[in-house]
Amino acid sequence: MNIIKGRGIFKGVAKGEALVMKQPFSFLGGVNPDTGIIIERGHELEGQNVAGKILLFPKGKGSTGGSYVLMEMKHQGVAPKAIINLKTETIIAVGAILAEIPLIDQLEQDPFQLITTGDFLEIDGDRIILN
Amino acid sequence: MYLSREEEMMFEGEYGPAIQKAMQLQVAIGDINDAPRMIPIKSVHISGTSYKEARNAGLNFIEFMAQNKLRVSATTSSIGLDLNKWEQMNYSQNYAEKQIQMVQAFDKMGAINTHTCTPYLAGNVPTYGSHVAWSPSESIIAANSRFGARTNRESDPSSLAAAMCGRAPLYGYHLTENRAGQVLVDLQAPCHTIHEYGALGYFIGKAVGELTPVLINMPDNLSMEQTKGMGAAMGTSGAIALYHIVGHTPEAPSLEVAFQNNKPVDTLKICSREIIDTCEGLCSATNEKVDLVLVGCPHCSIIELKEIARLLNGQQINDKTRFWITTSSSQKAIADRMGITNQIERTGAEFLEGACLLTTPDETMNSLGFETIATNSAKMAHYAPSECNLESWFGSITQCVRAAITGIWS
């Protein structure tokens, strides 16, 4: 078991399967808020579903509309269970806080070295627990 | 972080639940960014004002916020329909009702409902050095870069929160040292049209991410329309909040001042190849038949409206193509008075006042049977496939007008 400490932006508990994106991501234009499916043209994970996943991506990009998209996804039941960023930026942070989705960043170790898609993880407040 | 007595009172709910929620959100943002305290802000441009963006979760939040009055002057961004003509435009009753509900909530809280992504063309003009909270992307870039005002990349809810409590946390672009240029961008390609500046912005955004570019060797007579297109594209492909153009933007009288005497972390040279490749990359369409032509992302200025009228020159739009022009009420009012609106509408082209294609509901776009869009906006060309289910042609205003008349992209 490996525990990685970070900074809990919205502290919560979540357990689930990781979905890893290498590139910065925008929820607006990036996902369908009704289904959680990634719709950004040419995205490495285009067509995959973020619903219920522990989503790892470096940080947000693009439209300021991403916050409401995250809130709507939570409302629709298709939000990620938790989000891990390298260093979160406002749009993702605000969305996660208002949607009450656990968000963690600034981890002591590089999460991209330790987590791959499909890995089972737990988020608890300001730490990630890997098996 | 330190809160003044007044800010504490807001945080504790003494001024009402909406102001409390706003302050709590601003404090959370401040904490994330290690802000030592709050600062009062002079103006806000609120984004996330269309029902498509806000959806039910956002509408609930906005209606909650409308329990109190905004504490600072705030204008609103584009909405998802033209309030003057939504019944004729195939919007669903449900969408229209929800959108109007949102407009009423903003009205109730005392926002100035300008319904545009170009607030600086609608009476909200920031002054040099002033602290503001603006959104969305191009407005942020405009406030920081063209006016030398200071705003962070606010999100839709935080722009509303800032207006509600009149405060923003002191971090990021509010601090002089964070406004220094970081990447030197040397333009070695001729750019003339709005679409070429859009391609330039799109390329830069992709290349520099969230860093602050300093552009050199730009033409002397840059227009607001050109930098508007460039700014919108930068905010689309990247997370840029500020750019400097040496000899042109207010914080860049010289290279040294733009960089605050720091060394660039990177240098980018942009030649014709980069512009051409970017333009081609933004064309996702394969069918040369054009269903919809869209000009005005960001909203057209009166100068662009005049140019469209000149290019149309009274020629009728193809009966299988629609030509939509999005602009703000303030610019359209001038066009109305000058007879430009009339000239343009007589050709069959249509105005969408205060609206935004990207926030027009999917069912409207689908019901109208559009498959292919032609636009001179890099931002629109990028988002059209995922946001509107349309394939894009991207080129000059001249090409767009020609496509509207012939129905074919060339």
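Rounded to the nearest 20, the size of the Cβ-charge dipole of chain A about its Cα centre is 160 debye, with Lys and Arg at +1 and Asp and Glu at -1.
Modelled label positions at B:VAL257 and A:ILE129, each set 7 Å beyond Cα in the direction of Cβ, lie 5.7 nm from each other.
Taking 7 Å steps out from each Cα toward its Cβ at B:GLU177 and A:THR117 produces label points 4.1 nm apart. Dividing the summed helix terms, -39500 (n - 2.57) for each DSSP H run of n ≥ 4, by the number of residues in chain B produces a 222 nm estimate of -12000 deg cm²/dmol to the nearest 500. In this structure the protein assembly as shown gives 37 Å² per residue of accessible area when probed at 1.4 Å with all protein chains present. The chymotrypsin sites (Phe, Trp or Tyr not before Pro) of segment B:76-164 meeting both criteria, a DSSP state outside H, G, I, E and B (loop) and at most 16 other C-beta atoms within 10 angstrom of the site's C-beta, are B:TYR128. Of the trypsin sites (Lys or Arg not before Pro) found in segment A:78-131, the ones in coil according to DSSP and having at most 14 other Cβ atoms within 10 Å of their Cβ are A:LYS87.
Projected onto the charge dipole of segment A:1-100 (+1 at Lys/Arg Cβ, -1 at Asp/Glu Cβ, origin at the Cα centre), which of A:VAL94, A:ILE39, A:GLY66 gives the Cα projection farthest towards the positive end? Highest projection toward the positive end goes to A:VAL94. With a 10 Å cut-off around each Cβ of A:91-104, the average count of Cβ atoms from other chains is 4. B:ASP220 sits with roughly 150 Å² accessible to a 1.4 Å probe, with DNA, RNA and ligands left out of the calculation. Angle of helix A:66-76 to the longest C-alpha principal axis of chain A, folded into 0 to 90 degrees and rounded to 10: 90°. Can you bin segment A:57-98 into rounded, prolate or oblate? Criterion: square roots of the alpha carbon gyration tensor eigenvalues sorted a ≥ b ≥ c, rounded for a/c under 1.5, prolate for a/b above b/c, oblate for the rest. Here segment A:57-98 falls in the oblate category.
Projecting the Cα atoms of A:ASN131, B:THR76, B:ALA404 onto the charge dipole of the protein assembly as shown, computed from C-beta unit charges around the Cα centre, puts B:THR76 farthest toward the positive end. When nucleic acids and ligands are ignored and a 1.4 Å probe is applied, B:TYR243 ends up with an accessible area of around 0 Å².
Only Lys, Arg, Asp and Glu carry charge here, each on its Cβ (+1 for the first two, -1 for the last two); on that basis segment B:45-116 has a dipole of about 200 debye about its Cα centre. Averaging 1/r across all pairs of distinct Cα atoms in segment A:44-131 and inverting the result yields a Kirkwood radius of 13.3 Å.
For segment B:282-354, the list of trypsin sites (Lys or Arg not before Pro) that fall in a loop by DSSP and count at most 15 other C-beta atoms within 10 angstrom reads B:LYS320, B:ARG346. Using the Kyte-Doolittle scale, which helices in chain B average at least -1.0 and also have C-alpha atoms spread 27 Å or more along the helix axis, with helices defined as whole DSSP H runs? Helix filter hits for chain B: none.
Each Lys or Arg adds one and each Asp or Glu takes one away; over the other residues whose Cβ falls under 12 Å from the Cβ of B:TYR173, this sums to -1.
Computed over Cα pairs, the Kirkwood radius of segment B:79-132 leads via Stokes-Einstein (1.306 mPa s, 10 °C) to a diffusion coefficient of 121 µm² per second. Net charge dipole, chain B: roughly 580 debye, given to the nearest 20, about the Cα centre with Cβ charges of +1 for Lys and Arg and -1 for Asp and Glu.
For the segment B:158-167, counting C-beta atoms of other chains within 10 Å of every residue's C-beta and taking the mean gives 1. Database remark: amide H of B:ILE408 closer than 5 angstrom to the amide H of B:VAL290 (H placed geometrically; neighbours at sequence offset of 5 or more, or on other chains; Pro and chain starts carry no H).
Please list log₁₀ I(q)/I(0) at q = 0.14, 0.19, 0.21 Å⁻¹ for segment B:17-105, using the Debye equation with identical point scatterers on the alpha-carbon positions. After summing over all Cα pairs, the log10 values are -0.60, -0.95, -1.09. The simple Förster model, with R0 at 35 Å and r as the Cβ-Cβ distance, assigns B:GLU371 and A:LYS11 a FRET efficiency of 0.15.
For segment B:237-372, the Kirkwood estimate of the hydrodynamic radius, built from every pair of different alpha carbons, is 18.3 Å.
The ellipsoid that matches the Cα gyration tensor of chain B has semi-axes, each √(5λ) in whole angstrom, of 34, 28, 17, with the longest given first. Reducing segment B:42-85 and segment A:69-98 to their Cα centroids gives an inter-centroid distance of 20 Å. Rounded to whole numbers, the Karplus 3J(HN,Hα) couplings from phi for segment A:34-42 are 8, 10, x, 7, 6, 10, 5, 4, x Hz, using 6.51 cos²θ - 1.76 cosθ + 1.60 with θ = phi - 60°, and x at Gly and Pro. If you line up the long axis of helix A:90-99 against the longest principal axis of chain A, both from Cα atoms, how many degrees apart are they, to the nearest 10? Value to nearest ten degrees: 90.
Computed across the protein assembly as shown, the Kirkwood radius stands at 23.4 Å (inverse of mean 1/r, all Cα pairs).
The values are calculated or read from the model by the stated rules, or taken from the named source; none is laboratory data. What you are looking at is a predicted structure, and each value in this text was computed from that prediction instead of being measured. Here the Cβ is made from the backbone with ideal geometry for all residues, glycine too, and neighbour counts use every protein chain on show. Note: accessible area is taken over every heavy atom of the protein model, side chains too, but ligands, DNA and RNA are not part of it. Shrake-Rupley method; radii C 1.70, N 1.55, O 1.52, S 1.80 Å.
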